[in-house]
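Shown next, in structure tokens, is the structure this report addresses.
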Amino acid sequence: MLDIRHLSVSYAGDRPALSDFSLHMERGEVVALVGESGSGKTTAVRTVLGLLPPGGTVEGGRVTFEGHSLLGLSHKEWGRLRGKELSMIFQDSGAMLNPIRTVGSQFREYIRAHSVLSRQEAAELSGQMLARMGLPNPESILASYPFQLSGGQRQRVGIAMAMTFQPRLLLADEPTSALDVTTQAQIVRQLLELRDTYHTAVLLVTHNLAVAAYMADHIVVMRGGRITDQGDREHLLRSEEPYTRQLLRAVPDLGGARYV
Ligand SMILES: Nc1ncnc2c1ncn2[C@@H]1O[C@H](COP(=O)(O)OP(=O)(O)O)[C@@H](O)[C@H]1O
Ligand SMILES: [Mg+2]
């Protein structure tokens, strides 16, 4: 489904932020990218989505999704893909919401921008999606302004929006890092449920190896823009790679009980 080969990306002449990065994902698979800050995780995810910040340049390699190259798509082509086939959630989904408009009006607008649904249908769908994310009172959430919601509620709104069109691939960049441990655990479980319901593949960026080990079928360890180790949970736990061992030591309870 997603195939990344030998991808290299740099920012304005700096040393590459991503070097020779290759990754393959199948439908419904959960892959985690882990590594310290600056290791190139966000760059990888943004390249896949065609959302590199100014100065970011793909120096080489290719990215194909369902057999089609994602590099060099036009604005219009991205418009057809983003939100529908591939979607993304960020560390703080609240940041992408307009603070002076209600959640509901923005959710409806998002739905209508990506579909031919009527205002009424969009309103119903937004409520259904919030309920599916385990938000107990969708109508009151929709009537709220972003600042009136907790971080966990805003993150669920972001995930609900991202999942509206049942994308094949969800890119999740540190989706739980800003949340308390209990809320993190709930959201991680909900992401796994969504994967089971919709068979959406999830590319999860996290610096938390416990979250990665709990969620992911395949874990990719990155450092300095390069992949230093990868494999399933058991591989990672037994890995002899010094940097993987270092990350493992930094996790107090890899059993995951603290997080999940
Ligand atoms: N907009 C940018 N302009 C210049 N350099 C950037 C930009 N974004 C990231 N970088 C650099 O690219 C490298 C990888 O960053 P990033 O992909 O954000 O890593 P991570 O998400 O793992 O923290 C870092 O050295 C960072 O300083
Ligand atoms: Mg990042």
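When residues in segment 48-83 are screened for being within 16 Å of ligand 2 (Cβ to nearest atom) and within 23 Å of residue 215 (Cα to Cα), 2 of them pass. Can you pull out every residue in segment 4-15 that is farther than 15 Å from residue 53 by Cβ and surrounded by 15 or more Cβ atoms within 10 Å (Cβ to Cβ)? Scanning segment 4-15 gives 4, 7, 8. State all residues of segment 209-241 that are within 16 Å of ligand 2 (Cβ to nearest atom) and either crowded, with 22+ Cβ neighbours inside 10 Å or outside the structural domain of residue 39 (by TED's automatic domain parsing) (or both); if no residue qualifies, say none. If the condition is that a residue be within 16 Å of ligand 2 (Cβ to nearest atom) and either crowded, with 22+ Cβ neighbours inside 10 Å or outside the structural domain of residue 39 (by TED's automatic domain parsing) (or both), then 209, 211, 212, 220, 221, 222, 225 are the ones that fit. The number of residues in segment 51-102 being touching a Phe, Trp or Tyr at 6+ places or on another chain (Cβ under 7 Å) and of a type in the set (Phe, Trp, Tyr) comes to 0.
If you check 152, 127 for being in a helix (DSSP H, G or I) and farther than 26 Å from residue 51 by Cβ, only one passes: 127.
Of the listed requirements (1) of a type in the set (Gly, Ala, Ser); (2) farther than 26 Å from residue 151 by Cα; (3) more than 16 Å from ligand 1 (Cβ to nearest atom); (4) buried (at least 19 other Cβ atoms within 10 Å of the Cβ), residue 22 misses just one: (4).
Take residue 201 and tell me if it is of a type in the set (Gly, Ala, Ser) and under 25 Å from residue 47 (Cβ atoms).
Here the answer is yes, as residue 201 does meet what is asked.
Of everything in segment 127-154 that's out of contact with any helix residue (DSSP H, G or I) (no Cβ under 6 Å at 6 or more places or on another chain) and of a type in the set (D, E, K, R), which residue is surrounded by the fewest Cβ atoms within 10 Å (Cβ to Cβ)? Across segment 127-154, the extreme among qualifying residues is 139. Comparison of 192, 203 shows that the only residue that is touching a residue at least 60 places away in the same chain (Cβ under 8 Å) and surrounded by fewer than 18 Cβ atoms within 10 Å (Cβ to Cβ) is 192. Please go through segment 40-94 and give me each residue that is away from ligand 1 (no atom under 16 Å from the Cβ), over 17 Å from residue 23 (Cβ atoms), surrounded by fewer than 20 Cβ atoms within 10 Å (Cβ to Cβ) and of a type in the set (Ser, Thr, Tyr), ordered by number. Answer for segment 40-94, where residues must be away from ligand 1 (no atom under 16 Å from the Cβ), over 17 Å from residue 23 (Cβ atoms), surrounded by fewer than 20 Cβ atoms within 10 Å (Cβ to Cβ) and of a type in the set (Ser, Thr, Tyr): just 74. Might you let me know whether segment 113-126 holds any residue that is buried (at least 19 other Cβ atoms within 10 Å of the Cβ) and at pLDDT below 95? No, there is no match, as no residue in segment 113-126 is buried (at least 19 other Cβ atoms within 10 Å of the Cβ) and at pLDDT below 95. The residues on offer are 105, 177, and the sole one that is over 25 Å from residue 1 (Cβ atoms), of a type outside the set (A, V, I, L, M) and in contact with a His (Cβ under 8 Å, 6 or more places away or on another chain) is 177.
The values are calculated or read from the model by the stated rules, or taken from the named source; none is laboratory data. The shown structure was predicted, so the numbers you read here are calculated from the model rather than taken from an experiment. All Cβ positions, glycine included, derive from the backbone under ideal geometry; neighbour counts span all protein chains shown.
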